[in-house]
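Before any comments, here is the structure.
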Amino acid sequence: MRIGISLTTAYPAGVPPRTLAAGLVDRVRAARRAGLDSLFVGDHHGTGPANYFQNVPTMARLLAEWGDAPFGILCLLPLWHPVLLAEQVGTLAAFGSGRFVLQVSLGHGARQFAALGGDLRRRVGPFETNLSVLRRLLAGEEVDGTRIAPVPEEPVEYWLGGTADAALDRAARLCDGFLATPDLDVAAAADRAAYYRAACAATGSTPGPVAIRRDVYVGADAAEARRTAAAVLAGGYRGFPPDVLVVGAPDEVAARFDELGRAGYTDVIVRHVAVDQRAVVASTERLAEVRSLLTS
């Protein structure tokens with residue numbers, strides 16, 4: 001099983017943005033020290049007054065710290081012009097040494113769709129059209145008289161984020177893999193992995209990466225893990241069911257990730273539940289031990 005990281009790029013107002021940006025750089029350095037297998041940042045718009053670090057410039061800076069493992073961004077595809085996004089991906093891929101993974105989803109949230117002139121009720125058509133154009137442009141093809149350059153030196157990998165049957169059908173038909181949402185318990189996650197593989201069989205496609213996000217804190221030991229995460233979890237973390245969060249010592253976290261592997265997942269993409277910078281960096285570094293336990 002591979003372990004990647006999706007950095008938290010949303011922060012409340014009140015902390016100087018340069019302090020937050022420096023913290024993101026430190027977190028990536030910790031992820032590289034831990035030997036993590038992939039790096040991602042997300043996509044959201046119109047969040048003010050809260051801070052949200054936008055994915056393309058953020059990833060451009062972080063690549064200077066990352067190394068040659070795969071990396072990528074999540075994009076709410078109906079909100080992006082495909083030519084602009086293809087140009088951004090091609091440029092980012094040129095600065096990175098690893099394979100580019102583009103995570104794509106329909107997106108949600110009336111406020112951000114309104115801010116960018118999107119139609120929340122009609123997302124599927126623009127999603128599929130934009131994805132088709134993206135794939136062709138990033139493969140070096142001409143689309144309606146337009147080509148982009150640079151194009152990635154190796155093929156971009158496309159993961160579709162979602163959980164519903166229709167999303168997994170699209171993943172099997174249009175993408176190279178899928179990313180399950182972080183609110184699924186193990187039984188529901190296993191069902192979604194099996195559904196995706198069945199959808200691939202039905203369309204004659206080969207299943208690609210089967211990934212799931214998990215929100216975690218890896219403690220020095222079980223007691224420290226629960227103590228550090230307690231304040232965050234007491235507030236009802238993101239509305240998630242408590243049993244989908246992974247909080248514990250390295251061996252406990254490895255056991256929970258192993259369950260997901262047996263449920264059919266090839267990749268766990270972690271996001272840290274802790275807020276304190278030192279705690280997040282320490283948790284990230286302890287993922288090296290989690291990886292070691294999984295391989296043994």
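The values are calculated or read from the model by the stated rules, or taken from the named source; none is laboratory data. Just so it is clear, the model here is predicted, and its values are computed rather than measured. No Cβ is skipped: glycine too gets one built from the backbone with ideal geometry, and neighbour counts run over all protein chains shown.
Every condition in (1) within 15 Å of the chain's Cα centre (by Cα); (2) more than 19 Å from Asp215 (Cβ to Cβ); (3) of a type outside the set (Val, Ile, Thr); (4) not in a strand (DSSP E or B) is met by Leu36 except one, and the failing one is (2). The residue of the range 176-201 that is farthest from the chain's Cα centre (by Cα), among those that are part of a loop (DSSP other than H, G, I, E, B) and acidic (Asp, Glu), is Asp185.
Of all residues in the range 11-25, those satisfying the criterion of being surrounded by fewer than 13 Cβ atoms within 10 Å (Cβ to Cβ) and touching a strand residue (DSSP E or B) at 6+ places or on another chain (Cβ under 8 Å) are Pro12, Ala13, Val15, Pro17. Looking only at the range 134-150, filter to residues that are within 17 Å of Asp176 (Cβ to Cβ) and either buried (at least 19 other Cβ atoms within 10 Å of the Cβ) or at pLDDT below 95 (or both); which one of those is farthest from the chain's Cα centre (by Cα)? For the range 134-150, the residue satisfying everything is Leu137.
Taking the criterion of being in a helix (DSSP H, G or I) and among the hydroxyl-bearing types (Ser, Thr, Tyr), the residues of the range 277-296 that qualify are Ser283, Thr284, Ser292, Thr295.
Every residue in the range 180-194 that is surrounded by fewer than 18 Cβ atoms within 10 Å (Cβ to Cβ) and over 20 Å from Ala255 (Cβ atoms), please. If the condition is that a residue be surrounded by fewer than 18 Cβ atoms within 10 Å (Cβ to Cβ) and over 20 Å from Ala255 (Cβ atoms), then Asp183, Asp191, Ala194 are the ones that fit.
Report the residue count in the range 202-245 for those that are more than 24 Å from the chain's Cα centre (by Cα), aliphatic (A, V, I, L, M) and part of a helix (DSSP H, G or I). Within the range 202-245, residues that are more than 24 Å from the chain's Cα centre (by Cα), aliphatic (A, V, I, L, M) and part of a helix (DSSP H, G or I) number 6. Just one of the listed residues (Phe240, Phe257) is within 20 Å of Gln103 (Cβ to Cβ), in contact with an Asp or Glu (Cβ under 7 Å, 6 or more places away or on another chain) and among the aromatic types (Phe, Trp, Tyr), and it is Phe240.
Any residue that is part of a helix (DSSP H, G or I) and surrounded by 18 or more Cβ atoms within 10 Å (Cβ to Cβ) - is there at least one of those in the range 264-276? No, every residue in the range 264-276 fails to be part of a helix (DSSP H, G or I) and surrounded by 18 or more Cβ atoms within 10 Å (Cβ to Cβ). For the range 238-263, how many residues meet the condition of being modelled with pLDDT under 95, surrounded by fewer than 16 Cβ atoms within 10 Å (Cβ to Cβ) and not basic (Lys, Arg)? Within the range 238-263, residues that are modelled with pLDDT under 95, surrounded by fewer than 16 Cβ atoms within 10 Å (Cβ to Cβ) and not basic (Lys, Arg) number 4. Scan the range 98-108 and give yes if some residue there is exposed (fewer than 13 other Cβ atoms within 10 Å of the Cβ) and either modelled with pLDDT under 95 or part of a strand (DSSP E or B) (or both), otherwise no. Yes, there is a match, as at least one residue in the range 98-108 is exposed (fewer than 13 other Cβ atoms within 10 Å of the Cβ) and either modelled with pLDDT under 95 or part of a strand (DSSP E or B) (or both). A single member of Glu153, Glu128 is closer than 22 Å to Ile73 by Cβ, modelled with pLDDT of 95 or more, of a type in the set (D, E, K, R) and part of a loop (DSSP other than H, G, I, E, B), and it is Glu153. Within the range 48-68, restricting attention to residues that are among the small types (Gly, Ala, Ser) and assigned to a helix (DSSP H, G or I), the residue that is surrounded by the most Cβ atoms within 10 Å (Cβ to Cβ) is Ala60.
Only residues that are of a type outside the set (Lys, Arg) and farther than 19 Å from Phe240 by Cβ were counted in the range 168-192, giving 9.
Identify, please: which residue in the range 31-47 is small (Gly, Ala, Ser) and farther than 13 Å from Thr8 by Cβ and is, among those, surrounded by the most Cβ atoms within 10 Å (Cβ to Cβ)? So, considering only residues that are small (Gly, Ala, Ser) and farther than 13 Å from Thr8 by Cβ, the one surrounded by the most Cβ atoms within 10 Å (Cβ to Cβ) is Ser38.
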